[in-house]
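The values are calculated or read from the model by the stated rules, or taken from the named source; none is laboratory data. These figures come from a predicted structure and were not determined experimentally. Reconstructed Cβ throughout: ideal geometry from the backbone, glycine too, with neighbour counts over all protein chains shown.
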Amino acid sequence: MNLSIVIPLLDEEESIPELHHWIAGVMRSNGYLYEIIFIDDGSEDNSWTLIEELAKENHEVKGIRFLENFGKSQALHAGFAIAEGDVIITMDADLQDNPEEIPELYQMIVNDGYDLVSGWKRKRYDSKIVKNLPSKLFNLAARKTSGLKLHDFNCGLKAYKNVVVKNIEVTGEMHRYIPVLVKNAGFSKIGEKVVLHQARKYGVTKFGMERFTRGFLDLITISFLSRFGKRPMHFFGTWGAIILFVGIGFALYLGIDKLFINPTGRLITERPQFYISLTAMILGTQFFVAGFLGELILRNKKETKNYIIKEQTNI
Ligand code: UDP
Ligand code: MG
């Protein structure tokens, strides 16, 4: 199979038939062998019925229905788990991403040897204040922390080599930083392609203002994880040692001063150094313990799945 097209969706009933028609047209004119995997992330409208109908008439259409809304990252994860194509394409269901881009993305993976090609909506058709400016800031921060030279980390339209999607774990809301996950998993040929973008035709955006706060917190997590995720003791141990060293230093100073230099001076507990020493020693020890716990958790980690599938069709 050439292509797996993975489409996460939440309440997109108006767009689904049109999107399917459009993709099928592009696939037919290029003669691809393909599958379309719709992941219904807990829709409350008619989306799942439409997917079932499409699946009945077209054997290339597959559907996964989540028990409830687990989030776009989980939906992508579930799609990646069953995708069989040599190249995986992800796209949004809201007709904002253009299926006509697929052949060129496919070529970049197959002929140019890219592991991941991320779309770049150079001209965006979203609200300027709510999306365009904050998204510029995000991308700047993501570029600086990851070292990847991409303009649009969060673009829904992306193409992957099959082996790439089988080796990344998109959890939480990490779909915004998939290129970073891919890089951290050890794949280095990551490129981008300018893609056409359109205004949302039906329905409304599913991400509100919380995208900014969560996005920034996730960015901190991911830049920390990419450096110390596999070796927490190196971070916590270093800082623990430095802080503990400061604490012991002050304690030694107080002890020597009291015993040999100035025995008749103030009580140790009346001196500020005592409290600095106490705090530093406790903090330093806590850092060490946190490092040990991190290492323990890492060594006992099992594969976790953060979603529950309610039903499936054509799989
Ligand atoms: N989506 C999803 N689960 C969610 C939120 C969104 O599967 O919890 C889907 C949504 O249906 C769409 C894609 O993710 O296909 C992108 O969402 P949206 O268009 O609302 O985001 P925006 O384009 O405004 O960034
Ligand atoms: Mg959209």
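Here region 113-133 is the region considered, the condition is being touching a residue at least 24 places away in the same chain (Cβ under 8 Å) and small (Gly, Ala, Ser), and the residue that is farthest from ligand 1 (Cβ to nearest atom) is Gly113.
Given the criteria within 21 Å of the chain's Cα centre (by Cα) and assigned to a helix (DSSP H, G or I), does Leu148 qualify? Taking the combined requirement at face value, the residue does not satisfy it.
For region 1-92, which fully contained strands (runs of 3 or more DSSP E) count at least 3 residues that are within 20 Å of the chain's Cα centre (by Cα) and modelled with pLDDT of 95 or more? In region 1-92, the matching strands (runs of 3 or more DSSP E) lie at 3-9, 34-40, 87-90. Please determine whether any residue of region 97-115 is within 16 Å of ligand 2 (Cβ to nearest atom) and either assigned to a strand (DSSP E or B) or closer than 25 Å to Leu219 by Cα (or both). The answer is yes, given that some residue of region 97-115 is within 16 Å of ligand 2 (Cβ to nearest atom) and either assigned to a strand (DSSP E or B) or closer than 25 Å to Leu219 by Cα (or both). Taken as a whole, the condition of being touching a Ser or Thr at 6+ places or on another chain (Cβ under 6 Å), among the hydrophobic types (A, V, I, L, M, F, W, C), under 30 Å from Ser15 (Cα atoms) and assigned to a loop (DSSP other than H, G, I, E, B) applies to Val170. If only residues of region 188-202 that are more than 10 Å from ligand 1 (Cβ to nearest atom) and of a type in the set (Lys, Arg) are counted, the one that is surrounded by the fewest Cβ atoms within 10 Å (Cβ to Cβ) is Lys201.
Output yes when any residue across region 126-134 is of a type in the set (Asp, Glu), within 15 Å of ligand 2 (Cβ to nearest atom) and more than 19 Å from the chain's Cα centre (by Cα), and no when none is. Yes, region 126-134 contains at least one residue that is of a type in the set (Asp, Glu), within 15 Å of ligand 2 (Cβ to nearest atom) and more than 19 Å from the chain's Cα centre (by Cα). Here Thr205 meets each of (1) within 15 Å of ligand 1 (Cβ to nearest atom); (2) more than 18 Å from Asn132 (Cα to Cα) with one exception, condition (2).
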